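Notes follow once the structure below has been shown.
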Amino acid sequence: MGNSGITINLGNTSIETTNRNEKGKNLLEFPKEYTVIDIETTGLSPQYDSIIELSALKVNDNNITDSFSELVNPGFKIDSFITELTGITNEMLKTANKIDKVLPKFIDFIGTSHLVGHNINFDINFIYDACISVLKKPLKNNFTDTMRISRRFLKELSHHRLSDVASFYNVSYEGAHRALNDCKITKECFTKLQENILKEYKSIDEFIKLSSTKGNCSCKISDIVSTKEEFDESHPLFGKYCVFTGTLEKMVRKDAMQIVVDCGGFVESSVTSKTNYLILGNNDYCSTIKDGKSSKQKKAEALKLNGNDIEIIPETVFYDLISDSLKNNQ
């Protein structure tokens with residue numbers, strides 16, 4: 001139990017990742033009873049950032065039966081970018097309880113139920129680490145990722161953000177980026193995905209068997225070239241444009257770029273409207289919490305607030321992307 005490092009071999013590169021070895025399984029399922037979860041945070045790294053909102057919806061036979069939502073005081077002032085993105089202000093958080101008060105109630109609410117969320121690995125990783133720190137026990141619930149399902153089923157979409165899936169199914173996106181509203185949107189998208197998949201494939205087993213996740217992709221940039229001929233299209237880095245900045249702690253940048261192209265992604269030298277991930281060295285990411293932001297990060301934040309499909313992550317989350325994907329395919 002705990003978060004000691006584990007080694008993952010990817011080609012000729014070995015990396016250390018967070019060991020959430022009691023984490024539940026990421027399952028392609030449509031359970032009758034489940035709990036939709038979503039969190040808001042000060043950033044995307046469980047190591048450096050904090051949860052500022054925890055929300056959940058209990059669903060039985062497609063009906064919402066109960067809900068939970070609480071703000072969480074992180075113990076420090078949040079960045080103006082987070083306020084602009086989520087609408088959560090420092091004034092709102094001032095009177096909120098801290099994580100040691102809110103988390104036990106949240107865990108009691110979700111119990112052992114099957115969890116559903118969009119890009120849920122990020123939520124699970126934050127909650128898992130918080131459970132270890134506060135409750136001294138792991139989060140073991142199995143879960144289903146609507147983004148993973150969307151990537152397999154809605155291949156015509158160029159992006160698979162919650163906003164993209166909601167738009168495709170004409171689900172209202174009003175109030176997004178507040179956790180409880182995101183839970184409601186995710187629940188509606190999950191229902192639409194289930195209805196359409198079962199209509200086309202008759203069963204989830206047939207969907208898993210017949211929905212191909214292999215494809216060809218030419219991924220070249222300067223001398224960073226993949227020798228692979230087939231890629232897993234459900235991998236979170238497949239078809240994504242990545243920019244690295246700062247000094248990486250675990251590997252040289254060239255090796256990190258090689259991992260991206262070997263996953264079917266693309267690497268660029270500067271942040272553009274095409275960029276999906278800006279990956280910062282851990283030390284650089286940590287310094288941004290104290291407003292030491294680079295021009296690349298400021299540009300990435302402006303693009304995200306403008307609705308672009310871009311995330312700013314530290315290298316630890318980059319490794320989580322790889323680790324979680326490998327677990328999904330076991």
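The values are calculated or read from the model by the stated rules, or taken from the named source; none is laboratory data. From a predicted model like this one, the values you see are computed outputs, not experimental measurements. When we count neighbours, we look across all protein chains shown, and the Cβ atoms used for this are built from the backbone with ideal geometry, even at glycine. Ligands, DNA and RNA are stripped out before the accessible areas are found, and what is left, the full protein with its side chains, is counted by its heavy atoms. Shrake-Rupley method; radii C 1.70, N 1.55, O 1.52, S 1.80 Å.
Once each part is reduced to its C-alpha centroid, what is the distance from region 77-153 to region 21-46 in angstrom?
8 Å
With a 1.4 Å probe and every protein chain left in place, work out the accessible area per residue of the chain in Å², rounded to a whole number.
Result: 46 Å² per residue.
Filter Lys184/Lys240; Lys25/Lys184; Lys23/Lys250; Lys240/Lys274; Lys250/Lys298; Lys58/Lys304 down to the pairs with a C-alpha to C-alpha distance above 20 Å, please.
From Lys184/Lys240; Lys25/Lys184; Lys23/Lys250; Lys240/Lys274; Lys250/Lys298; Lys58/Lys304, over 20 Å: Lys184/Lys240; Lys25/Lys184; Lys23/Lys250; Lys250/Lys298; Lys58/Lys304.
Give me the extension gain from Asp61 to Asn306: residue separation times 0.36 nm, minus the current Cα-Cα distance, reported in nm with one decimal.
Taking Asp61 through Asn306 to full extension adds about 84.5 nm, to one decimal.
Note down the net charge around Asp309, summing +1 for each Lys or Arg and -1 for each Asp or Glu among other residues with Cβ under 15 Å from its Cβ.
Its environment carries a net charge of +2.
Would you tally the net charge around Val59, using a Cβ to Cβ cut-off of less than 13 Å, leaving Val59 out, and scoring K and R as +1, D and E as -1?
Net charge around Val59: 0.
With θ set to phi - 60° and the Karplus curve 6.51 cos²θ - 1.76 cosθ + 1.60, what are the ³J(HN,Hα) couplings of region 147-164 in order, to the nearest whole Hz, using x for Gly and Pro?
Along region 147-164, the couplings run 5, 4, 5, 4, 5, 7, 9, 9, 5, 6, 6, 7, 10, 10, 5, 4, 5, 5 Hz.
Carbon-plus-sulfur fraction of the accessible area of the chain, 1.4 Å probe, in percent?
Roughly 46 percent of what the probe reaches on the chain is carbon or sulfur.
Residue by residue through region 29-40, which ³J(HN,Hα) values in whole Hz follow from phi under the Karplus form 6.51 cos²θ - 1.76 cosθ + 1.60 (θ = phi - 60°), with glycine and proline marked x?
My calculation for region 29-40 gives 9, 10, x, 6, 10, 7, 10, 7, 10, 7, 10, 10 Hz in order.
At what distance in nm do the modelled label points of Lys298 and Thr191 sit from each other, each positioned 7 Å from its Cα along Cα→Cβ?
In this crude spin-label approximation the distance works out to 4.5 nm.
Assuming R0 = 41 Å, what is the FRET efficiency of Thr89 and Glu230, from their Cβ-Cβ distance, to the nearest 0.05?
0.30
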